[in-house]
Amino acid sequence: MSNTNVQIFDTTLRDGEQVPGCKLNTDQKIIIAEQLDLLGVDIIEAGFPVSSPGDFSSVEAVSKIVKNATVCGLTRSVENDIKVAAQALKYAKNPRIHTGIGTSDSHIKFKFRSNRDAIIERAVAAVRYAKTHVEDVEFYAEDAGRTDNEYLARVCEAVIKAGATVLNIPDTTGYCLPHEYGAKIKYLKENVKGIEKAILSCHCHNDLGLATANSIEGAINGARQIECTINGIGERAGNTALEEVVMIMKQHPYLNLDTNIHTSMLYGLSQLVSEHMGIYAQPNKAIVGANAFAHSSGIHQDGVIKNRETYEIIDPKDVGVTESAIVLTARSGRAALAYRAKNVGYELTKLQLDVVYKDFLNYADAKKEVNDNDIHSIIESSSIFKELH
Ligand code: KIV
Ligand code: ZN
């Protein structure tokens, strides 16, 4: 792994699947895991094995079929969770146990009714125990976003000593601002003894719409793993969207950050996950939404028809979308109408276009979107139709 490479840890099948109504059965998890493996993700978090017999079977089944990625199972800092996860991961070529505990004062006081030193002891014991089962142990400091940096550094140092290979710094509640999250990662890089032995990982939630920005800021400040989900699904407002962080790194090469993702599969994966989970990305969703490459105002359409890059920073083919769409609405201009008419077989002169455009506007005012069939009927019922035939 080069120093510019950011590992993509996909948690669609774990954090993503926690969304109410999105539960997947084992067959569905296998179908999605196969595609994630082909997409090039480095780690697939397949589930939380101790949570239910079904999830245990899913993690076991995913472990058997994944060819390249590391397969990971989530646990609490509880011996039985870890033992069960290790059993579920038995068939994985590269197994990882992801264990951890809440480290913010709020978690320590109200969730665990404990104290800071006791939490470090539990964290260390969990990592040591996980190490007796697998070599690759990731530790998460839940609610790290609201954990004070000095204490977080103590936790990180202790779990590295116990053998953790990856340190996950979750902004569990999506509270951090990008500069704060970036500073947290920088602080850990500069203040944790032994940090060179571990990879820092970003796991950001989207409660304030900042998950992607925070993850990128984390990577800029030295994190080399990003935890994310397809379409950004996950608890509450969701997780960092995989397609967003990957395309940010690709479109901004000067950041010197890259991934192993085959980006032309992104749109297909988005559709696959939507179909199996039964929730669809909003139309204006970056990269994979139905309108991400659709142009509907006259000014934009004219620009895109002349040169796609006028209003597009990504070539749609790079993410698996066949082409940009010129959508006809009452806000569209002549250039868009001529373009779409040509696509369905009518080469209009300027004068003909003037006539048809008037009819088109009346039609479009009464309808949200004008489709190919509508174009045929507008032109064929127009006075210029005879000239065309
Ligand atoms: O958001 C979070 O803190 C988590 C951990 C369990 C990794 O999902
Ligand atoms: Zn999470």
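Bear in mind these aren't lab numbers, they're just calculated from the coordinates by the rules spelled out. The model shown is predicted, which means the values in this text are computed figures rather than measured ones. Don't worry about glycine lacking a Cβ; one is built from the backbone with ideal geometry, like all the others, and counts go over all protein chains shown.
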May I ask you to give the average projected area over all directions of the convex hull of the Cα atoms of the stretch 217-296, in nm² rounded to one decimal?
6.3 nm²
Computed lengthening from residue 109 to residue 22, 0.36 nm per intervening residue step minus Cα-Cα distance
28.1 nm
Figure the gain on full extension for residue 78 and residue 1 (residue separation times 0.36 nm, minus the Cα-Cα span) and round it to one decimal in nm.
24.6 nm
Between residue 47 and residues 5 or more places away or on another chain, which pairs have amide H atoms under 5 Å apart, with H built 1.01 Å from N, and which residues are they?
74
Rounded to the nearest angstrom and ordered from largest down, what semi-axes does the equivalent ellipsoid of the stretch 81-138 get from its C-alpha gyration tensor (root of 5λ)?
26, 10, 8
Semi-axes of the equivalent ellipsoid of the stretch 243-389: what are they in whole Å, largest first, if each equals the square root of 5 times a C-alpha gyration tensor eigenvalue?
36, 17, 12
Could you work out Rg/(2.2 N^0.38 Å) for the stretch 326-384, with Rg from alpha carbons only?
0.95
Rounded to two decimals, what is the ratio between the C-alpha radius of gyration of the stretch 140-247 and 2.2 N^0.38 Å?
0.98
Hey, which aspartates and glutamates would be in cross-link range of residue 184, C-alpha to C-alpha under 15 Å, not counting anything within fewer than 8 residues on its own chain?
142, 143, 148, 150, 157, 171, 217
Determine the alpha carbon to alpha carbon distance for each of 83/131; 250/317; 161/189; 93/161; 23/250; 23/90 and list only those over 21 Å.
93/161; 23/250; 23/90
Treating cross-link reach as a plain straight distance, find the lysines whose alpha-carbon is under 22 Å from the alpha-carbon of residue 358, omitting any fewer than eight places away in the same chain.
342, 350, 367, 368, 386
Label-point separation in nm, residue 371 to residue 57, each point 7 Å along Cα→Cβ
4.1 nm
Kirkwood Rh and Cα Rg combined as Rg/Rh, the stretch 21-110
1.03
Once you order the gyration tensor axes a ≥ b ≥ c over the Cα atoms, which shape class does the stretch 88-187 get: rounded for a/c under 1.5, otherwise prolate or oblate by comparing a/b with b/c?
prolate
Taking 7 Å along the Cα-to-C-beta vector as the label spot, tell me the residue 362-residue 189 distance in nanometres, rounded to one decimal.
6.4 nm
What spacing in nm lies between the two simple spin-label points modelled at residue 282 and residue 65, each 7 Å away from Cα in the Cβ direction?
3.3 nm
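Quick one: Cα convex hull volume of the chain, Å³ per residue? Intermediate values should be presented prior to the final figure.
Numbers: hull volume 57.1 nm³, N = 389.
With only Cα atoms used, the chain gives 147 Å³ per residue.
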How much length is gained on full extension from residue 255 to residue 349, taking 0.36 nm per residue of separation minus their Cα-Cα distance?
29.1 nm
